[in-house]
Every structure is written in C-alpha cells, then in structure tokens.
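The structure appears below as structure tokens.
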Amino acid sequence: MSKVEIYTKGHCPYCHRAKALLAHKGVAFEEISIDGDPELRQVMIDRAKGGYTVPQIFINDTLVGGCDDLFSLESQQKLDALLAQ
Ligand SMILES: N[C@@H](CCC(=O)N[C@@H](CS)C(=O)NCC(=O)O)C(=O)O
C-alpha cells in the first residue's frame, strides 16, 4: 500500500477537496497540518520544491503537487496506478 501524505491548513477548500477524493478512493493518508507552524510550513515548502500553497501531496515521498494536480492525475486515469505502488 502506498504512503500518502497531505500537508493542509484548516480552512482550505482545496485541502478538503483533495482529502475527499482520497477518502472516496478508500485511501489511507497522513494529514500534516501546518496551521500556526512556520517550521513545518518550511519543511513542506522544501519538500515541495518551493510550492507554498496547501495542499501539498506526496505519494511514496514523490511530490504530486496540489489539489488540481491530484485531480489532473485522476482525470488522466493515472492516480490509481500511483496509489497501488
Ligand atoms: N491550485 C492550487 C491552489 C491551492 C490554494 O490556493 N490554496 C490556498 C488555500 S485554500 C493557499 O495555500 N493559499 C496561500 C496560503 O494559505 O498561504 C491547488 O490546486 O492546490
């Protein structure tokens, strides 16, 4: 089973949307809230190669990107293969 991590903030519609897609697929994920945690936010930015918006999503330590990127993979029918690794 793949390791899925998602960096989030509480009031973030894109985060909710991304989590809903993963939940709909029955995928377990680790949610890492960066609310009020500038150090953790910096860890996220470093891992995301400069990406500073939330969510930032990683599958098996590989950067997927944000919510739009996740949905783009889904619409290209590439997400399930990534999640199956
Ligand atoms: N296209 C991005 C948009 C993400 C986005 O705009 N997220 C907002 C929160 S909902 C954000 O991070 N804003 C800047 C900030 O909160 O620092 C995606 O699909 O993930």
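Derivation of every value follows stated rules applied to the coordinates shown; laboratory data play no part. Since the model is a prediction, treat every value here as computed from it, not as a measurement. Ideal geometry is used to build each Cβ from the backbone, glycine not excepted, and the neighbour counts take in all protein chains shown.
Could you tell me which chymotrypsin sites (Phe, Trp or Tyr not before Pro) in the chain are loop residues by DSSP with no more than 14 other beta carbons within 10 angstrom of their beta carbon?
Counting only loop positions with at most 14 other Cβ atoms within 10 Å, the chymotrypsin sites (Phe, Trp or Tyr not before Pro) in the chain are 52.
For region 1-41, what are Rg and Dmax over the alpha carbons, in angstrom?
When restricted to Cα atoms, region 1-41 yields Rg and Dmax of 10.9, 31 Å.
On a 0 to 90° scale, report how tilted helix 13-24 is relative to the longest principal axis of the chain, with both axes built from alpha carbons and the result rounded to the nearest 10.
40 degrees
Please compute the length gained on full extension between residue 24 and residue 84, using 0.36 nm multiplied by the number of residues separating them and subtracting their Cα-Cα distance.
Extending this stretch completely gives an extra 20.1 nm.
For each of 53, 8, count neighbouring Cβ atoms within 10 Å of the residue's Cβ, then give the residues from fewest to most. If you can, show how the numbers build up before the last one.
Values: 53 17, 8 21.
Final ranking by Cβ density, sparse to dense: 53, 8.
I need the GluC sites (Glu not before Pro) found in the chain, filtered to DSSP loop residues with at most 13 other beta carbons within 10 Å of theirs.
Passing sites in the chain do not exist.
Can you tell me the convex hull volume per residue for the chain, based on C-alpha atoms, in Å³ to the nearest whole number?
Convex hull of Cα atoms, per residue: 81 Å³.
Of all beta bridges DSSP finds with both residues in the chain, what is the antiparallel percent, to the nearest 5?
65 percent
For residue 33, what residues show an amide H to amide H distance below 5 Å, using hydrogens built from the backbone and excluding near sequence neighbours?
Amide H neighbours of residue 33, under 5 Å, 5+ apart: 8.
Would you kindly enumerate the cysteines in the chain that have no other Cys beta-carbon under 4.7 Å from their beta-carbon?
67
Quickly estimate the mean residue ellipticity at 222 nm for the chain, helices only: each DSSP H run with n ≥ 4 gives -39500 (n - 2.57), and the total goes over all residues, rounded to 500. If you can, show how the numbers build up before the last one.
Working: 4 runs with 37 residues, N = 85.
After summing the helix terms and dividing by the residues of the chain, the value is -12500 deg cm²/dmol.
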